[in-house]
1. Need pairs with beta-carbon distance below 7 Å; first residue β-branched (Val, Ile, Thr) and within the stretch 249-270, second surrounded by 14 or more Cβ atoms within 10 Å (Cβ to Cβ); sequence gap 6+ or separate chains.
2. Filter the stretch 247-289 for residues that are among the acidic types (Asp, Glu) and part of a helix (DSSP H, G or I) and give the result.
3. Is it true that some residue in the stretch 13-35 is outside any loop (DSSP other than H, G, I, E, B) and touching a Cys at 6+ places or on another chain (Cβ under 6 Å)?
4. Within the stretch 118-135, how many residues turn out to be part of a loop (DSSP other than H, G, I, E, B) and surrounded by 13 or more Cβ atoms within 10 Å (Cβ to Cβ)?
Amino acid sequence: MVYFCIVLSFYKHIESLLIRHDYVVIPGLGGFALQDGHASIQENKILPPSQIICFNPLMKHSDGMLAIEISRKENISYRKAVELIEEELKSFQLELNNAKIASFGSFGSFYKSETGNLIFDPVSFAEFLPANTGLFPEHVPASSKKEVVTVRFERRRLINYAAAIALILGLLFVSPHLNDVRYQHSAGLIPPTFSHTFSVDSVRLKTDTLVTDKCPELQKDTFEQKVIVTNDSELYHVIVACLETEKKAEKYCDELKKSGYECAHVLKPEKTYRISIQSFKDKNEAIGYMENLRRTDARFETSWVLCK
C-alpha cells in the first residue's frame, strides 16, 4: 500500500524538485531543466512567453536529490527510495518499448527516434511551474470564411521587386553557407589584440584578450599556461553534453574541436561539467544555431541553450 501511494506521487516529487532547483536528475534516464521560452502559435492557440521543460539524456549520474526527496516526504529509508525509483523507471521503460511512446507525468512524453535515441516532447504549457502562474493560452476561434485578397502591383514596382529577388538569389548561389547558422560568425574583421603582464603576490599572471574571427564572443585569459574563458556568465551557450568529470569533459571537447567545432569549451562546473559547442551574445542567435544543429547533425538532436 505504501508503494502504491509513492508511485502515484512519483512525478509530484520530481515536480517539487524542479520547482525548487530549476533542474532534477532521474538516475539512469536523464535530467530535466527549466528554460525561458518565447510566445508561440500552435494551431488555434497563442501560447504566452513562459518557462518550458528541457531534457538532457546525458545527465544520468544520480546526485541523490530525488531519493532524498522521496525518503523525506514518504518517511522511508534512502535505500527503499532508490529501489522505488528503479521500479518506477522499469515500468516506464517497459511502456516505452511496448507502445513506442510513453508519457512522463505532467512533463510531456518520450519516444525513440529512428536511430534509437530517446526524444523528449515537452508539454506546450507547464501549468504547475510557479513562473507560469496566471498565464493562460489564448484560444483563437477558427474562421469558417476564407477571405481572398487581391494585390495589384504597378509596373515600375514589379520591375524593382524582380531585381531585388534576382539579387537575393545571386547572393545565395555565391554564398552557400549564408543560411547556415554555424557559418554566420566565421567572417569579420580581426580587431587588434593586446596583452599585458603584472604580478600579484609573486604569481606571474599573463592576460591576453583573444578576439578572433572564429570565436569572437569568447574572452580568454591565460593563467599558468592554461586558457580559461572569463565571460561565460555573459553568454548564451548551446550545450551538447554534461559529463561527470573534468577529464571526460575535456576529452569530449577535444573531439568536438577536431570535428570542426573550434569554439567548443567546458563551462565552470555546477554538479556536472557542461560542454558548450558554440556561445553567443544574442539569445535568438543561440536558439537558431541550436535548431539548425539538431536538424543537421543527429549527434546533437538533444542539444539545448543555457540562458543567463
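1. Val266/Ala249; Val266/Glu250; Val266/Cys253; Val266/Tyr273; Val266/Ile275
2. Going residue by residue through the stretch 247-289, those that are among the acidic types (Asp, Glu) are 250, 254-255, 262, 270, 282, 285.
Hits for the stretch 247-289 are Glu250, Asp254, Glu255, Glu285.
3. yes
4. 7
Yes/no per residue for (1) modelled with pLDDT of 85 or more; (2) under 28 Å from Asp297 (Cα atoms); (3) of a type outside the set (Phe, Trp, Tyr); (4) in a strand (DSSP E or B):
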residue: His38; (1), (2), (3), (4): no, yes, yes, no
residue: Phe55; (1), (2), (3), (4): yes, yes, no, yes
residue: Met59; (1), (2), (3), (4): no, yes, yes, no
residue: Ile70; (1), (2), (3), (4): yes, no, yes, no
residue: Leu84; (1), (2), (3), (4): yes, no, yes, no
residue: Glu87; (1), (2), (3), (4): yes, no, yes, no
residue: Leu94; (1), (2), (3), (4): yes, no, yes, no
residue: Thr115; (1), (2), (3), (4): no, yes, yes, no
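The values are calculated or read from the model by the stated rules, or taken from the named source; none is laboratory data. Values in this document were obtained by computation on a predicted structure and should not be read as measured data. As a convention, Cβ positions derive from the backbone with ideal geometry for all residues, glycine included, and neighbour counts pool all protein chains shown.
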